[in-house]
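What follows is a short report on a single structure.
What follows is calculated from the coordinates using simple rules that are stated; it is not laboratory data. All values derive from a computational prediction rather than experimental measurement. Neighbour counts are summed over all protein chains in view; Cβ atoms, including those assigned to glycine, are modelled from backbone coordinates with ideal geometry.
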Amino acid sequence: MNEKEQYWSIRLRKVVEALEGNGMEAFVTDTRKEALTRALTLIPKGATVGLGGSRTVGEVGLLEALRQGDYTLYDQYRDGLSPEESMRIRKDGTHADCFVSGSNAITYDGKIVNVDGLGNRLAGFCFGPGTVIIVAGRNKIVPDLDAALYRVRNVAAPMNARRFGVKTPCVETAECSDCDLPERICNLTLIIEKSKIEGRMKVILVNEDLGF
Ligand code: SF4
């Protein structure tokens, strides 16, 4: 491990303790490959699985593993879907056995912060799926709630807006101007402070930079 990895190994373990203190199950993995293995141990074969939009889930290989594995995957990202089919699949995902996603920010004291355009990802986090699995790279870790709220609107959202190909101002300015356009992708913000159901939320922190 180099110095950066050693630093993050210590920091991530502290965040794991904080998440556990908030009623969540949490893990640290050194690599994305280990994160994939860990995630697959948490998803029973035959389970129905919903997806929250996430570059990270793709980067660790989990999206492809779910597509090819023995699961019923509600996959709104597959090619050729009509808008109506995509919306129906998103709804199905919010009451799947498992819900798999990344996260926009996680604080040192174990709060999970996300912003959505539509809200299906936040719905899956809140209620419905029996298990929620979040995979997050070390770049998502921030000191506190203010830093998390700054990050979701000034780091994650501008990069995601670029990924989605929308023409919001943040794509050009790399900062949020609280736009009022129909393409706006920041319409709902969720702060998960604690999990009422012990262990329903499972967070895998990866000692690599992943996603936005
Ligand atoms: S509110 Fe608009 S400008 Fe701000 S980050 Fe979201 S999409 Fe970009």
Next item on the list: Might you check whether a residue that is within 14 Å of Thr189 (Cβ to Cβ), touching a Leu at 6+ places or on another chain (Cβ under 9 Å) and within 16 Å of the ligand (Cβ to nearest atom) occurs anywhere in segment 94-107?
Entry: yes
Next item on the list: Name the single residue, out of those in segment 51-85 being in a strand (DSSP E or B) and among the hydrophobic types (A, V, I, L, M, F, W, C), that is nearest to Thr31 (Cα to Cα).
Entry: Leu51
Next item on the list: Among the residues of segment 1-16, count how many are surrounded by fewer than 17 Cβ atoms within 10 Å (Cβ to Cβ) and touching a residue at least 40 places away in the same chain (Cβ under 8 Å).
Entry: 4
Check: What is the number of the single condition among (1) within 16 Å of the chain's Cα centre (by Cα); (2) touching a residue at least 12 places away in the same chain (Cβ under 8 Å) that Gly58 does not meet?
Finding: (2)
Next item on the list: Select from segment 145-161 the residues that are near the ligand (Cβ under 10 Å from one of its atoms) and either of a type in the set (Asp, Glu) or without any contact (Cβ under 8 Å) to a residue 40 or more places away in the chain (or both) and list them in ascending order.
Entry: Arg153, Asn154, Pro158, Ala161
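Out of the residues in segment 1-29 that are of a type in the set (Gly, Ala, Ser) and not in a helix (DSSP H, G or I), state the one that is nearest to Ile141 (Cα to Cα).
Per the criteria, the residue is Ala26.
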